[in-house]
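The values are calculated or read from the model by the stated rules, or taken from the named source; none is laboratory data. As the structure is a computational prediction, the values presented were derived from the model and not from experiment. Cβ coordinates were reconstructed from backbone atoms using ideal geometry, including for glycine residues, and neighbour counts include every protein chain displayed.
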Amino acid sequence: MSILVVGSVAFDSVETPFGKAEEVLGGSGTYFSTSASFYTNVDLVAVVGEDFPQEHVDFLKSRNIDLSGLSTAEGKTFRWSGTYGYDLNEAQTLDTQLNVFASFCPQLPESYLQAEYVFLANIDPELQLDVLKQVVRPKVVACDTMNFWIDGKRDALINTLKYVDILLINDGEVRQLADEPNMVKAARKVLAMGPKTLVVKRGEYGATMFTEHGVFSAPAYPLETVYDPTGAGDTFAGGFMGYLASVRDHSDAAMRRAIIFGSVMASFNVEAFSLERMRSLEFSEVEERYRKFQLLTEFSGID
Ligand code: AMP
């Protein structure tokens, strides 16, 4: 089983209180694919410029990420720069340069058209819908977005959400999208826009899943070393969707386990800049942290 993803492949420049990285590999599609590839094969749809180095292409290929959908266009690769204060939960965007993404018209390779699992990573919502419309019969469609698009392309985003089963966004974005400060009310409003499931990412405070049936909440793994939260959300989504696609089960119990796998992947990613921690990560470490998560949240009922 593979997952089709459309998202950004980028050069990121990031500054946190613990260090700085210039023009390193990043992008929502990159983080998602790398994380999901621990669970399943990934088909990546994106565009890069002529300045994108072969070593990054080789890294993605080494992860069993199919790159037939990655095109190279004349011009520069997408660039994002951001900074974080001691509250690492919120990135402040300094600059977004869409570059080759501004005129990208994705044409899916024949081999991607039958995809059952689709992830619309954070990118222009019009592009997300363009890609989704080409997929013949998707079974599970999940989506991410950010304040940049909620502000700048609200109508297009609301249109895309009609076709989405699972929306994964952070708490500030839920409030902004719903125009409602109370999280429970905001979640209800977002669920009325189309998605049957809303996963709210809350940084170091964990993640909460809202469905029409109820609410599930998981803490984040308590970490002593957090260097760079960039990509945590996409890495979370990669673990979440990767697990669901690998077990082909979308029951409430499977979705709860998927939230923990997502949280585990994100907890590793923030331990280093860019995708450095993902490069050295072994699946046995993922399993070990998953077990620690079970202990973290285990408690007995009231007798
Ligand atoms: P996250 O920290 O998981 O929310 O995602 C961070 C990644 O999103 C970075 O690697 C950026 O390159 C990418 N990114 C930032 N802004 C945008 C945007 N407007 N569209 C697409 N990708 C973006």
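So which of GLY214, GLY262, GLY242 ends up being at pLDDT 95 or above and under 22 Å from VAL174 (Cα atoms)?
GLY262
Hey, any hits in the range 104-127 for a residue that's within 21 Å of THR235 (Cα to Cα), within 12 Å of the ligand (Cβ to nearest atom), touching a helix residue (DSSP H, G or I) at 6+ places or on another chain (Cβ under 9 Å) and part of a helix (DSSP H, G or I)?
The answer is yes; a qualifying residue exists.
Would you please name the residue that is farthest from the chain's Cα centre (by Cα), looking only at residues in the range 82-103 that are part of a strand (DSSP E or B) and farther than 17 Å from GLY152 by Cα?
The selected residue is THR83.
Would you list the strands (runs of 3 or more DSSP E) that sit entirely within the range 157-229 and hold 1 or more residues that are within 15 Å of the ligand (Cβ to nearest atom) and touching a residue at least 60 places away in the same chain (Cβ under 8 Å)?
Strands (runs of 3 or more DSSP E) meeting the threshold: 166-170, 197-201.
Just for the range 104-129: of the residues that are more than 19 Å from the chain's Cα centre (by Cα) and of a type in the set (A, V, I, L, M), which one is surrounded by the fewest Cβ atoms within 10 Å (Cβ to Cβ)?
Result: LEU113.
If we keep just the residues of the range 39-65 that are touching a Leu at 6+ places or on another chain (Cβ under 7 Å) and not aliphatic (A, V, I, L, M), which is surrounded by the fewest Cβ atoms within 10 Å (Cβ to Cβ)?
Here the residue is LYS61.
Within 16 Å of the chain's Cα centre (by Cα), within 15 Å of the ligand (Cβ to nearest atom) and either of a type in the set (S, T, N, Q) or modelled with pLDDT of 95 or more (or both): is that true of ASP144 in this structure?
Spelling it out, ASP144 is indeed within 16 Å of the chain's Cα centre (by Cα), within 15 Å of the ligand (Cβ to nearest atom) and either of a type in the set (S, T, N, Q) or modelled with pLDDT of 95 or more (or both).
So, in the range 78-94, how many residues would count as being under 19 Å from ASP234 (Cα atoms), touching a residue at least 40 places away in the same chain (Cβ under 8 Å) and of a type outside the set (Gly, Ala, Ser)?
9
Mind listing whichever residues of the range 190-209 are touching a helix residue (DSSP H, G or I) at 6+ places or on another chain (Cβ under 9 Å), farther than 21 Å from ARG154 by Cβ and of a type outside the set (S, T, N, Q)?
Listed by number, the residues that qualify are ARG202, GLY203, TYR205, GLY206, ALA207, MET209.
Tell me which residues, restricted to the range 14-29, are near the ligand (Cβ under 10 Å from one of its atoms) and not hydrophobic (A, V, I, L, M, F, W, C).
Of everything in the range 14-29, those that are near the ligand (Cβ under 10 Å from one of its atoms) and not hydrophobic (A, V, I, L, M, F, W, C) turn out to be GLY26, GLY27, SER28, GLY29.
Quick test for you: out of PHE11, PHE52, PHE32, pick the one residue that is assigned to a strand (DSSP E or B), within 14 Å of the ligand (Cβ to nearest atom) and of a type in the set (Phe, Trp, Tyr).
PHE11
Could you look through the range 230-260, keep only residues that are hydroxyl-bearing (Ser, Thr, Tyr) and more than 16 Å from the ligand (Cβ to nearest atom), and pick out the one that is nearest to the chain's Cα centre (by Cα)?
Checking each candidate, the answer is TYR243.
Pull out all pairs, ordered by first then second residue, where Cβ-Cβ is under 7 Å, the residues are six or more apart or on different chains, the first lies in the range 96-114 and is more than 22 Å from GLY75 (Cα to Cα) and of a type in the set (Phe, Trp, Tyr), and the second is more than 16 Å from the ligand (Cβ to nearest atom) and in a strand (DSSP E or B).
TYR112/LEU4; TYR112/ASP43
Is it the case that ALA266 is in a helix (DSSP H, G or I) and exposed (fewer than 13 other Cβ atoms within 10 Å of the Cβ)?
No, not satisfied.
Among (1) over 19 Å from GLU276 (Cβ atoms); (2) away from the ligand (no atom under 16 Å from the Cβ); (3) touching a residue at least 60 places away in the same chain (Cβ under 8 Å), where does PHE38 come up short?
(1)
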